[in-house]
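S.K.: Okay, handing you the structure first.
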Amino acid sequence: MAMKGAVQYEKRTAANGACVAVLTMDSAPVNALSAGVRTGFETRIAEALADAEVKAIVITGAHGCFCAGADISEFASGMSGPPLPVVINTIEASTKPVVAAIDGVALGGGCEVALGCHYRVASTRSQAGLPEVNLGLLPGAGGTQRLPRLIGAAASIDFMCRGAPLKADQAAKVGLFDTVVAGDKAAVLKAAVDFAAEKVGSDIGPRRLSGGTAKAAGVDFAKKRKEYDTLRKGEVAPQAIITCIEASTDREFTEGMKVEGKEFGKLMFGDQSKALQYMFFAERQCAKVPGLEAKPGPLDMCGIVGAGLMGGGIAMCAAEAGMRVVLLDVDPGNLDRGMAVIKKNYARSVDRKSKTQSQVDKIMSLISPSTTYDSLGQCDIVVEAVFENMDLKKKIFQSFDGVCKPGCILATNTSRLNIDTIASATKRPEDVIGCHFFSPANVMKLLENVRGPRSSPRTIATAMAFGQKLKKVTCLVGNCDGFIANRVMGVSGWTGLINGGLLPHQIDQAAESYGMKMGPARMNDLVGLDLFGRERANTGNAKPDTIVTDAMFAANRYGQKNGKGFYKYDDKLRLSRDPEAEALIHSVWKNAGATPKTMSDEEIIDTLYLPVVNEGFKCLEEGMASRPSDIDVCCVFGYNWPRYTGGPMQWASAVGLPKILEKLEAMGEKPSELLKECVKNNWRLNSKAFTARISSAWSGTWSKL
Ligand code: CAA
């Protein structure tokens, strides 16, 4: 089989007449450093060095970018061909000057290739980054050793541990790029060829970043470790990166490379990296809907009905994506309040310097407030975002019929009502779909598009394109109670634990040690115990599984909003255990016949999250999700499930499905039939047999369209 990717070779004449070899990494779409590219480098560098006519070398990339790094898809299947660190050593060792001509992104191994070159010339639109930390890895092709030698240990720690790329001007400022030139790929290539030709005969020794040691001035490594322990809680890669950078400051390159190699190996074979690589592909795959061939409709103008927190957040996302937005609320007071909140949010962004005033002015100019439905006439999509009342929603959808142009997508942001019932209010149910944003909509990355049984393929395709335009991680899900994220997370075993003898801090501590940003008790305090407590009290719908929460509500303990809930809060919202709350919980237990318990963290985590896994299997079984990774994406981006576990389904895979089944049965849970089928047939979640089984469930619901 032919190897994926290659390095193209051509000769160019520079302005001073010197002949320069141009080596172009060519592996669509992002020139990842596949075996073909690495082998190509070895051959082409040798060719350029052997050719007496060639005086210098330029390395560049095809397909509108320099290089996105190692080919991540090779990690799981095993690597062949020359290792990247060896290839980069070969580039750096060249006796002829080597210049990187960067146009577009130079990421990960791509940035390390650039660091192996003697000089770096980039276009203004270029970016350089070492994002390996986001894959649970470290820059393992000399990046942890060369970069600190170029820009110092202090800047390198933040650059690598944050994993965010630098824009060209910033990269030049820290010394990563030598020159930034205006213009396109042709301009940067010409500049790099001339630059390389001018360096012929100069001493390139000092330009090799494998010499000497890195400057450690001003770095307190212990402090940095602590900082990233908090910033990237639970992740192992940042600590390994700091270990390598520390090594770059006190030992020579080859010794530092040994540390890098050892740390890289530990990460590469660890569970976190496997889970994060899985998430990298899962995030991208969820936007691809199996069986959907329809083309999306236009998306220039968006109407939003309801100027509350959700509506305002969606308006911000749409305007930031460049769409013209009508924010409609029939109550002028609500509308004014909604617009004021948006302005306040943007004023904060300007204060924090995440946006400039002129960017904000441009965004605000795209949002038109309105109190009348006729303003929706030109919209390509309208999103209803009022509170959860079916009659009100139906009335709004009837109004859409009268004003929206043909083909306009009619979306509802409901988080729990039936899309089909809402669609029944209109004369065009085929245009109706759920666009379930998570709160706050301008911050949370997930969009669940909920297909109703009558949503047309064009409607689905347009809603998927809408999500991508808004830069959301967008998943298509089925029309079931709670859709995916709320449905699966809604069955977590939290109420069983809090009613059954565990105190809030015991449960939270276990959940947070698993990697949840917030344990369930803290989360309830944040959301507000009055939210559903009041509804239950008013409707008399108290259930045995809400006894503790309802007692909290009855005792006026609403959570953060009034300073007392499961915990007590000071005026800076710092929490502490509250003997009063705990006494109340004890009295509820006593009345219910429960006694205080202790459980290990593992038992608590299993009780909390194995039901979530089980519900995930049920969603697949019913054709409500098209693949396990979509469920993981919904939990990671909708509920901050720790990304480095890969989500509940990937976690179940890592633990092993037979073990999961055994534990669920021991807990007295009714396991999903699909999970039992997997165990019986020895299916893994990435096996062909399992994929075929769930595809048929998904397409079964699809064909009912
Ligand atoms: N390896 C394999 N495939 C990659 C890839 C990589 N490094 N980077 C991107 N791709 C693939 C994506 O999976 C996607 O494939 P599909 O079209 O089949 O879904 C395609 O390229 C396009 O990617 P995006 O959809 O993400 O396109 P984008 O334009 O939004 O973003 C990008 C492009 C900025 C390069 C982004 O893809 C990205 O950030 N890539 C990852 C960069 C990275 O993490 N590099 C480090 C790799 S690890 C490493 O290099 C280790 C080392 O030290 C040796």
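S.K.: Have a look at the DSSP beta bridges in the range 1-123 and tell me what percent are antiparallel, nearest 5.
M.R.: Here the antiparallel bridges make up roughly 35 percent for the range 1-123.
S.K.: Among 375, 327, 438, whose Cα projects farthest towards the positive end of the dipole of the range 301-477, with charges put on the beta-carbon of Lys, Arg (+1) and Asp, Glu (-1)?
M.R.: Going by the Cα projections, it comes out as 438.
S.K.: How many angstrom separate the Cα center of the range 219-283 from the Cα center of the range 381-422?
M.R.: Each part reduced to its Cα centre gives a spacing of 48 Å.
S.K.: Hey, another quick one. Could you tell me how many degrees, from 0 to 90 and to the nearest 10, lie between the Cα long axis of helix 185-198 and the main elongation axis, the longest principal axis, of the Cα atoms of the chain?
M.R.: 30
S.K.: Once amide H atoms are built 1.01 Å from N in the peptide plane, which residues 5 or more positions from residue 326, or in another chain, come under 5 Å H to H?
M.R.: Amide H to amide H, under 5 Å and 5 or more residues apart or across chains, residue 326 pairs with 302, 303, 304, 368.
S.K.: Now for a different question. Quick one: of the DSSP bridges fully inside the chain, what percent are antiparallel, nearest 5?
M.R.: 30
S.K.: Let me ask something else. Return a whole-number percent for the relative contact order of the chain, with Cα pairs under 8 Å and 6 or more residues apart as the contact set.
M.R.: The normalised contact order for the chain reaches 9 percent.
S.K.: Show me, for the range 530-541, the HN-Hα J-couplings you get by feeding each phi into the Karplus relation (A = 6.51, B = -1.76, C = 1.60, θ = phi - 60°), rounded to Hz, glycine and proline as x.
M.R.: Couplings: 7, 4, 9, x, 5, 4, 5, 5, 5, 8, x, 8 Hz.
S.K.: Of 504, 301, 116, which is farthest along the charge dipole of the chain in the positive direction, counting Lys and Arg as +1 and Asp and Glu as -1 at C-beta?
M.R.: So the residue we want is 301.
S.K.: Which value results when the Cα radius of gyration for the range 272-386 is divided by 2.2 N^0.38 Å?
M.R.: Here the answer is 1.29, to two decimals.
S.K.: Based on the alpha carbons, how large is the Rg to Rh ratio for the range 301-477 when Rh follows Kirkwood? Working shown, then result.
M.R.: Details: Rg = 15.1 Å, Rh = 15.9 Å.
In the range 301-477, Rg relative to Rh is 0.95.
S.K.: Count charges around residue 400 for me, please; just the other residues with Cβ under 12 Å from its Cβ, Lys/Arg as +1, Asp/Glu as -1.
M.R.: +2
S.K.: In whole Å, largest first, what are the principal axis extents of the Cα atoms in the chain?
M.R.: Principal-axis extents of the Cα atoms in the chain, largest first: 88, 60, 55 Å.
S.K.: Just want the answer: with Cβ charges of +1 for Lys and Arg and -1 for Asp and Glu, which residue in 16, 90, 179 is farthest toward the dipole's positive end in the range 2-268?
M.R.: 179
S.K.: Which residues' amide hydrogens lie under 5 Å from the amide hydrogen of residue 120, considering only partners 5 or more residues apart or on another chain, with H built in the peptide plane?
M.R.: 100, 178, 179
S.K.: Report Rg(Cα)/(2.2 N^0.38 Å) for the range 501-592, keeping two decimals.
M.R.: 1.04
S.K.: Fully extended, how many nm does the chain gain between residue 184 and residue 420 (0.36 nm per residue separation, minus their Cα-Cα distance)?
M.R.: Between residue 184 and residue 420, full extension yields 80.0 nm more.
S.K.: Based only on the alpha carbon positions, what is the Kirkwood hydrodynamic radius of the range 2-268, in angstrom?
M.R.: Value: 18.3 Å, from the Cα pair sum.
S.K.: Work out from phi, with θ = phi - 60° and the Karplus expression 6.51 cos²θ - 1.76 cosθ + 1.60, the ³J(HN,Hα) of each residue of the range 634-650, listed in order in whole Hz, and give x for Gly and Pro.
M.R.: The phi angles translate into 4, 6, 5, 8, x, 10, 6, 4, x, 4, 6, 9, x, x, x, 6, 5 Hz.
S.K.: Points 7 angstrom from Cα along the Cβ direction at residue 695 and residue 254: gap in nanometres?
M.R.: Output for this residue pair reads 5.2 nm.
S.K.: Moving to a separate point now. Quick one: which residues, 5+ away or cross-chain, put their amide H under 5 Å from the amide H of residue 435? H built at 1.01 Å from N.
M.R.: 412, 413, 414, 450
S.K.: While we're on this one: Using a Cα-Cα cut-off of under 14 Å, which aspartates and glutamates could be cross-linked to residue 343, ignoring same-chain neighbours fewer than 8 residues away?
M.R.: Here the aspartates and glutamates satisfying the reach criterion relative to residue 343 are 320, 351, 361.
S.K.: Taking only C-alpha pairs under 8 Å that are 6+ residues apart, what is the relative contact order of the range 170-281 in percent?
M.R.: 19
S.K.: Normalised by the residues of the range 501-592, what does the relative contact order come to in percent, with Cα pairs under 8 Å and at least six apart? Numbers along the way, then the final one.
M.R.: Working: 102 pairs, mean separation 22.1, N = 92.
Worked out over the range 501-592, it gives 24 percent.
S.K.: Under 15 Å from a label point 7 Å along Cα→Cβ of residue 42: give me every residue in the range 4-27 with its amide N that close.
M.R.: Within reach of a label on residue 42, which here means backbone N under 15 Å from a point 7 Å along Cα→Cβ, the range 4-27 contributes 4, 6-7.
S.K.: Applying a 10 Å radius around every beta-carbon, put 582-588, 596-602 in order of their mean neighbour count, most first.
M.R.: In descending order of packing, they fall as 582-588, 596-602.
S.K.: Another question about this same structure. Nearest 20 debye, what's the magnitude of the dipole of the chain about its Cα centre given +1 on Lys and Arg Cβ and -1 on Asp and Glu Cβ? Kindly include the intermediate steps, with their values, before the conclusion.
M.R.: Details: 84 positive and 76 negative charges, 120 e Å.
The calculated dipole for the chain is roughly 580 debye.
S.K.: How much length would be gained if the chain were fully extended between residue 285 and residue 673, taking 0.36 nm per residue of separation minus their Cα-Cα distance, in nm to one decimal?
M.R.: Working: separation 388, 0.36 × 388 = 139.68 nm, distance 2.58 nm.
Using 0.36 nm per residue and subtracting the Cα-Cα distance, I get 137.1 nm.
Since every read-out is calculated from the coordinates, none of them should be taken as a lab result. Everything numeric in this text was worked out from a predicted model, so none of it was measured. Here Cβ is always computed from backbone atoms with ideal geometry, including for glycine, and neighbour counts include all displayed protein chains.
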